[in-house]
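> The structure's right below; bear with me while I get my questions together.
The values are calculated or read from the model by the stated rules, or taken from the named source; none is laboratory data. Fair warning: this is a prediction, and the values are worked out from it, not measured in the lab. Cβ placement follows ideal geometry from the backbone for every residue including glycine, while neighbour counts extend to all protein chains displayed.
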Amino acid sequence: MSSLEQTRYVQGRVALFLRAWTFVSAVGVLLRVASALAGGGEQGLLRGAPFQYQLAALAAVLVPWLLVRGGERSSRLLRVVESLSLHATAMFLALMGASITVEIHGAALREVRLGETGPPVQDFLASLDHQYAALIVVFIVTGMLVLRAALVPSTSTRTAALALGIGVVGFVAYGLAGGAPLSAHDMVVLAVGTGAFYAFAIVLSVILSHVIHGLREEVRTARELGQYTLEKKIGEGGMGVVYQASHAMLRRPTAVKLLPPDKVGERTIERFEREVQLTAQLTHPNTVTVFDYGRTPEGVFYYAMELLDGPNLEQLVEAGGPQSESRVVYLLTQVCGALDEAHGLGLIHRDIKPANILLVQRGGRYDVSKVVDFGLVKEVRRDGDSAITHDGVITGTPMYLAPEALKAPDTVDARSDLYALGAVAYFLLVGEPVFTGDTVVEICAHHLHSEPEPPSQRLGRPIDAGLEALVLRCLAKDPAARPESAAALGEALGALEIEPWTSADAEAWWRDHGGIFRARRAAEGTSTHGATVTIDLATRHPR
């Protein structure tokens, strides 16, 4: 939990305590009013000093509660407000207790007609009056301390300091207030008895604070070691939901993807887990970094990866239209590097598409490509954005699907990723997919039988002949006619005589267009109110 989150939490707990004690104090005031009204001739109780001090004690918690219940307050202000409120309340309660002794002592003397019986009887009655009033005050203050210890996060040291301070203020205020006349001997007896009772109250509140504070620290430590705090939802697909998250041990922006078994099936989860294990081995700078993966105690598979806060290529084209040839070459070259490493490990992406290639800023560089969702496949649906990982089943997204993935899914290899990458290049250059149709079947038929229209014809203007030929070569129906590897494709892109896309070009583009994507992220973010994901440490796989 960050310092800001901790302060907000403490503010909420202090406000809760003050609100609760305001309610208790208000109930006490109402009971006194009801008692006075029910007594017929005792309405004068509402005009006496005890009632005025009782109202002041109510105000001593009501005003601070109104101050801290909203907005954001600093931790220092919260400590000051809480301390002043507690000390002021104790003072007014002590003054109330002392003034009560005057009322009840006078009433007792009048009732038993002992006004002239002599000092011994009067001293005895005064002692009883003070013991009654002091115990009431100590009982109320004890309740206040216990309630605070239960609701407000506090160390035992701070609780002890507050309790001692409150006790000193209360005893001094009670002593200075006077009250019914009391002999020196009875005053000592009253102080010792009341002090012993209050010492018990201090010990009780300190123990309570120590236990509850310790439990809170243990819970917080457990969260830091075994939980991710989900901050907001940033994406959702057929396989699961992606959240922006934080983790105290990682100390870096994190994205957590959750894949519930009841949504995608246990068999798919098991295979996906194996593929994530392979992905976690990838170290290429243009591949998303996987930090951690495992399962929650409820069986939900998760994996944590670096947070990518930039747009994907689909969003890039939606906002900026067809991209320049130099930029397309620059972006594709990076993706080729990521695919080359993956293919070297025998990991085929199978779902290369614009939405799975994101652009971020890293190390002061703009337009850094990041390939995500290795091995992510989804069950085919009519919207064309889906598939599953079972052998022998169509895998990928129809608009970027290689012909062999349709005819013989088991024969898919690295060259199928190159076909999809060629389709991505086509989309970047033209602003539209290679093939479109009203149904998934129609789109798949085009991939199987239709030759792609050259990008220059679709675009209506010439583009570099070498780049166009390379894109069409990637889109060849026969895998053998495509570049032999991602590395070979990257080299071919680098050999094109196209003016390079520079860091200055990228920085200028983002300076002019970056605000669009920042505004979109802010609008699409969905808060989860600090929800947490508990991790089953037995299945946790740190990278």
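> Given the criteria at pLDDT below 80, of a type in the set (Val, Ile, Thr), over 30 Å from residue 136 (Cα atoms) and surrounded by fewer than 20 Cβ atoms within 10 Å (Cβ to Cβ), does residue 189 qualify?
no
> Another one. Can you pull out the residues in region 252-265 that are modelled with pLDDT of 75 or more and surrounded by fewer than 16 Cβ atoms within 10 Å (Cβ to Cβ)?
The answer is 253, and nothing else.
> Residue 389 fails exactly one of the following numbered conditions: (1) touching a Phe, Trp or Tyr at 6+ places or on another chain (Cβ under 7 Å); (2) modelled with pLDDT of 90 or more. What is the number of that condition?
So the condition that residue 389 fails would be (2).
> Right, residue 249: assigned to a loop (DSSP other than H, G, I, E, B), more than 29 Å from residue 400 (Cβ to Cβ), aliphatic (A, V, I, L, M) and at pLDDT below 85 or not?
Numbers: assigned to a loop (DSSP other than H, G, I, E, B): yes; more than 29 Å from residue 400 (Cβ to Cβ): yes; aliphatic (A, V, I, L, M): yes; at pLDDT below 85: yes.
When the stated conditions are applied, residue 249 passes them.
> Continuing with this model, one more query. Can you name the residue in region 310-339 that is surrounded by fewer than 20 Cβ atoms within 10 Å (Cβ to Cβ) and of a type in the set (Ser, Thr, Tyr) and is also farthest from residue 488 (Cα to Cα) among such residues?
Out of the qualifying residues, it is 324.
> Does residue 467 satisfy being closer than 22 Å to residue 326 by Cα, surrounded by fewer than 24 Cβ atoms within 10 Å (Cβ to Cβ) and not hydroxyl-bearing (Ser, Thr, Tyr)?
yes
> Further question: Only one of 487, 476, 495, 481 is aliphatic (A, V, I, L, M) and over 26 Å from residue 401 (Cβ atoms); which? Talk me through it step by step, then tell me what you get.
Numbers: 487 fails: over 26 Å from residue 401 (Cβ atoms); 476 fails: over 26 Å from residue 401 (Cβ atoms); 481 fails: over 26 Å from residue 401 (Cβ atoms).
On inspection, the qualifying residue turns out to be 495.
> Of all residues being in contact with a Phe, Trp or Tyr (Cβ under 9 Å, 6 or more places away or on another chain) and of a type in the set (Val, Ile, Thr) in region 15-37, which is nearest to residue 147 (Cα to Cα)? Just the residue, please.
22
> Tell me, yes or no, whether region 292-309 has at least one residue that is surrounded by fewer than 21 Cβ atoms within 10 Å (Cβ to Cβ), at pLDDT below 85, among the hydroxyl-bearing types (Ser, Thr, Tyr) and not assigned by TED's automatic domain parsing to the domain that holds residue 515.
yes
> Would you point out which residue out of 302, 366 is of a type in the set (Ser, Thr, Tyr), part of a strand (DSSP E or B) and closer than 29 Å to residue 496 by Cα?
Going through 302, 366 in turn, just one is of a type in the set (Ser, Thr, Tyr), part of a strand (DSSP E or B) and closer than 29 Å to residue 496 by Cα: 366.
> Would region 149-168 turn up any residue that is in a loop (DSSP other than H, G, I, E, B), at pLDDT 60 or above and aliphatic (A, V, I, L, M)?
Yes, region 149-168 contains a residue that is in a loop (DSSP other than H, G, I, E, B), at pLDDT 60 or above and aliphatic (A, V, I, L, M).
> Determine whether residue 36 is among the small types (Gly, Ala, Ser), at pLDDT below 95 and in the same structural domain as residue 147 (by TED's automatic domain parsing).
When the stated conditions are applied, residue 36 passes them.
> Working carefully through the options 17, 51, 92, find the one that is assigned by TED's automatic domain parsing to the domain that holds residue 139 and farther than 29 Å from residue 153 by Cα.
Values: 17 fails: farther than 29 Å from residue 153 by Cα; 92 fails: farther than 29 Å from residue 153 by Cα.
Sole residue among the options that is assigned by TED's automatic domain parsing to the domain that holds residue 139 and farther than 29 Å from residue 153 by Cα: 51.
Each row is one residue, and each column tells you yes or no for (1) under 24 Å from residue 315 (Cα atoms); (2) surrounded by 12 or more Cβ atoms within 10 Å (Cβ to Cβ).
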position	(1), (2)
436	yes, no
439	yes, no
442	no, yes
463	yes, yes
473	no, yes
498	no, yes
510	yes, yes
519	yes, no
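> Hey, another quick one. What number of residues in region 1-33 are at pLDDT below 90, more than 18 Å from residue 71 (Cβ to Cβ) and of a type in the set (A, V, I, L, M)?
Residues flagged as at pLDDT below 90, more than 18 Å from residue 71 (Cβ to Cβ) and of a type in the set (A, V, I, L, M) within region 1-33 amount to 3.
> What are the pairs, 6+ residues apart or on separate chains, where a residue within region 415-432 that is farther than 19 Å from residue 457 by Cβ and assigned by TED's automatic domain parsing to the domain that holds residue 342 has its Cβ under 6 Å from a residue that is basic (Lys, Arg) and not in a helix (DSSP H, G or I)?
415/482; 418/482
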